[in-house]
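In what follows, a structure is listed as structure tokens, so that the remarks can point back to it.
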Amino acid sequence: MHCNDEMYRIRSKQKVLILLFLSVAITTSLASTTDFGLATPENNTLMQPQGIQNMSTNATNIVLVHGAWADASGWNKQIPVLRDAGHKVIAVQLPLHSLSEDVETVKRAIAFIGGPTILVGHSYGGMVITNAAYNNPNVTGLVYVAGWAPDEGESLSSFVDPSKYPKELFLIDSGGFMYINPEIFRENFAQDVDPAEADLMAIVQKPFHQSIFMEKSGPPAWKQLPTWYQISDADRMIPPDVERKFAERMNATTISVNASHASYVSHPDEITQLILNATKGK
């Protein structure tokens, strides 16, 4: 009987030791896991991905719109800076088949990214944002980078005559799409861009349909929204005087840069700052 009592006491002590060991192990494990990111009352921010912590919760979204004979990759010098400033950015790819299709493309991008949104349009992209932002509650401002800003009923042909450009400048394919002759692309479109970069731009250019020259613009959003405008004083595609007319009649916050038509490529810092100013309402 004495032997059985002794065995019972030994087994009881063993059970207590095992329970104590398990308790310590579980507590240590939980403490270690918390250190690596589980939320506690003192550590609830670790649940959020690092990128979200760094994003401004009230940042303005930005939609970048390229023009004819360009594509969305042309904004690659602006995009990293704008994102680092906390903005969500979309650089759309326009089909360049018709004004209406391009406008719808930008409207979808606006709906996708949500508001508040600043639209930025280079060259023909200016005409697109003029129409896409009209009566659009998500859009809070427009930035024109050497861009077209027609009034209702005006077309590109209201301001320039394609026949007045050098005869060898435009090449038209069997579908009526216009290219800029790669051999003279830089001297007409991007004379202040590094030759190697300009050559690449000529190769990846997106042609646009010649019928767009005659398409009439609808009611302009620049009559409803704050605007910013960059004039290229050395532009060989849109006459600088035409750009000044656009900026003046919309009462835009305006900067002038001694740049080619491709100012967003040759003077990225000035263009990026103009966009940032627009997001702040400056």
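Any read-out appearing in this document is the output of simple, stated calculations on the displayed coordinates, not a laboratory observation. Please read these numbers as outputs of a predicted model, since none were measured by experiment. Neighbour counts are summed over all protein chains in view; Cβ atoms, including those assigned to glycine, are modelled from backbone coordinates with ideal geometry.
With Cα atoms defining each centre, the range 214-237 and the range 62-123 are spaced 15 Å apart in the structure. In terms of surrounding Cβ atoms within a 10 Å radius of their Cβ, ILE180, ILE129, ILE90 rank from fewest to most as ILE90, ILE180, ILE129. Neighbour counts of other Cβ atoms within 10 Å put MET214, MET250 in the fewest-to-most order MET214, MET250.
Counting only aspartates and glutamates at least 8 places from LYS167 when in the same chain, those with an alpha carbon closer than 15 Å to its own are GLU183, GLU187.
Which Cα, out of ALA149, MET178, THR227, lies furthest along the positive dipole direction of the range 59-279 (beta carbon charges, K/R +1, D/E -1)? My answer, from the dipole projection, is THR227. Within the straight-line cut-off of under 20 Å between alpha carbons, the aspartates and glutamates reachable from LYS216 are GLU101, ASP102, GLU104, ASP151, GLU152, GLU154, ASP161, GLU243, sequence neighbours fewer than 8 places apart in one chain being disregarded. Compared with the alpha-carbon gap, the fully stretched path from ASN251 to ALA234 is longer by 3.9 nm at 0.36 nm per residue. The P(r) of the range 59-279 has a tail past 26 Å containing 27 percent of all C-alpha pairs. Considering only alpha-carbon pairs that sit under 8 angstrom and 6 or more positions apart, the relative contact order computed for the range 59-279 is 24 percent.
Within straight-line reach of LYS280, meaning a Cα separation under 19 Å, sit the following lysines at least 8 residues removed in sequence or on another chain: LYS88.
Taking 0.36 nm per residue of separation and subtracting the Cα-Cα distance, full extension of the segment from ASN258 to SER98 would add 54.5 nm. The label point for LYS216 and the one for ALA111, both projected 7 Å from the Cα toward the Cβ, are 2.6 nm apart.
Put simply, the amide H of TYR229, placed in the peptide plane, has neighbours under 5 Å in TYR144, THR253, THR254, ILE255, leaving out anything fewer than 5 places away on its chain.
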